[in-house]
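Chemist: Attaching a single structure in C-alpha cells format; questions to follow.
Bear in mind that the values in this text are calculations on the coordinates, not laboratory data. Since the model is a prediction, treat every value here as computed from it, not as a measurement. Cβ sites come from the backbone with ideal geometry, for glycine too, and all protein chains shown count toward neighbours.
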Amino acid sequence: MSTDLQSLSHSLASVVERAAPSVVRVDARRRRGATGIVWSAEGHIVTTSHAVEHEGHIQVGLADGRAVSAELIGRDPSTDLALLKADVSGLTPLAPAPLDDVKVGHLVVAVGRPGRTARATLGMVSTHGDGWRTHAGGRVDRYLETDADLPPGFSGGALVDAQGRLVGLLTAAFSRTAAVVIPGDTLTRVTSTLREHGGVRRGYLGVGAYPVRIPQHLTSAAGSDGGLIFLSIEPDGPAHKAGLQMGDVLVSLGGQPLHRVEDLLGYLGDEKVGTTVQARVLRAGEVREVPITVGKRP
C-alpha cells in the first residue's frame, strides 16, 4: 500500500473513531434496531420518525455498551425526524459541518450503529441542491444525497465530512434509490420546535384534493394553468365553513399558486394555524375569492 493510501486509510479510520461515540443504537421498532445521533449533552437523541414504531418502551444503546431508557419528546413525520430524551447525561454531540462548504464530490462517511458496535461506509456527496418539500409537505432546507451505502439499521445515522463534522442525518424514507440526507440546519430547526412543542404545528383545510390542469381559456382569469380539485370536503372543517364545495379547483392560497398537493401541505405547515387567507377558487368556469381560516390539524 502506498504512503498516500495508508494516510487516507488512517484518516478515515480516525474520522469514524471520532464520530462513533456520538452515534447510538435506537430500539423502538419490532424487527430491527435503528441509529440515532447525540444532539445534546443532556441526552437528547435525534433519529428518524419511521424508526420509532412504539413509544412506550424505547432503549438507546450507547458507545460504551450501556443500554438506557428513553422517551419520545416529539416527532415530525413530514421531515422524518423524531427527538428522544435518554436517561443519561455527559454525551458528546458532533460538531456541525459548514454546509455552504459542502460540495458535490466531497468524500463523506456514513456512520451507523445497527448493533452494539459502530459501522461505517464511504461515499461522496452526489447531489447538493436547493431546499425542497417532502411528499408530506415538510420543509427541508437543502437537498443532499450521498452514494454511500445504507445497510439495514443505518437510517437515523450520521453523515460526516472528512473532518468528522456532522453534515446531516441519513434517512431511507424519501427515496428507494438514493440515500437522502436531512441537513444540519433542518435538524436544528425541527428539533428546536419538537423540544418546545412536542410536534410541528400544521394547519389543515379539511379537504381531499388532486392536481388538475385548468382549461386554456380560463388560465388568464385564474392566473394559473393548474390547481387542486376538491374530491372531498370534511363536514364542519375549515373549507366547509368557508363555503367551498366538492369540484371546486383551488388555484392559490394566500397568493401562493398551488400545482401539487405538496404545495398545499407545505403552505399549511408554515405556522398558518388560525390565520385567515384568501383562497382563489375556480367554480363552474367562474373565479372566486373566498376567505378561509386555517384550522389546526386534529
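Chemist: Using the alpha-carbon atoms, what tilt in degrees (0 to 90, nearest 10) does helix 3-19 show relative to the longest principal axis of the chain?
Modeler: Roughly 70 degrees, rounded to the nearest 10.
Chemist: Provide the packing ranking of 82-88, 154-160, 254-260, i.e. peptides ordered by the mean count of other C-beta atoms within 10 Å per residue, highest first.
Modeler: Top of the packing list down: 154-160, 82-88, 254-260.
Chemist: At most 16 other Cβ atoms within 10 Å plus a DSSP loop assignment makes a site exposed; report the longest stretch of the chain without any exposed GluC sites (Glu not before Pro).
Modeler: After excluding every exposed loop site, the longest remaining stretch is 56-270.
Chemist: Something else about it: So how much slack lies between Asp149 and Thr117, counting 0.36 nm per residue of separation and subtracting their Cα-Cα distance, in nm?
Modeler: Taking 0.36 nm per residue and subtracting the Cα distance, the gain is 9.8 nm.
Chemist: Would you work out the relative contact order for the stretch 31-187, in percent, from Cα pairs under 8 angstrom that are 6 or more residues apart?
Modeler: Value for the stretch 31-187: 24 percent.
Chemist: Expressed as a rounded percentage, what relative contact order does the stretch 203-296 have, with Cα pairs under 8 Å and six or more residues apart?
Modeler: The normalised contact order for the stretch 203-296 reaches 31 percent.
Chemist: While we're on this one: How tilted is helix 184-197 with respect to the longest principal axis of the chain? Cα atoms for both, answer in degrees (0 to 90, nearest 10).
Modeler: Once rounded, the angle reads 70 degrees.
Chemist: Can you tell me, using C-alpha contacts under 8 Å and at least 6 residues apart, the relative contact order of the stretch 252-298 as a whole percent?
Modeler: So the answer I get is 36 percent.
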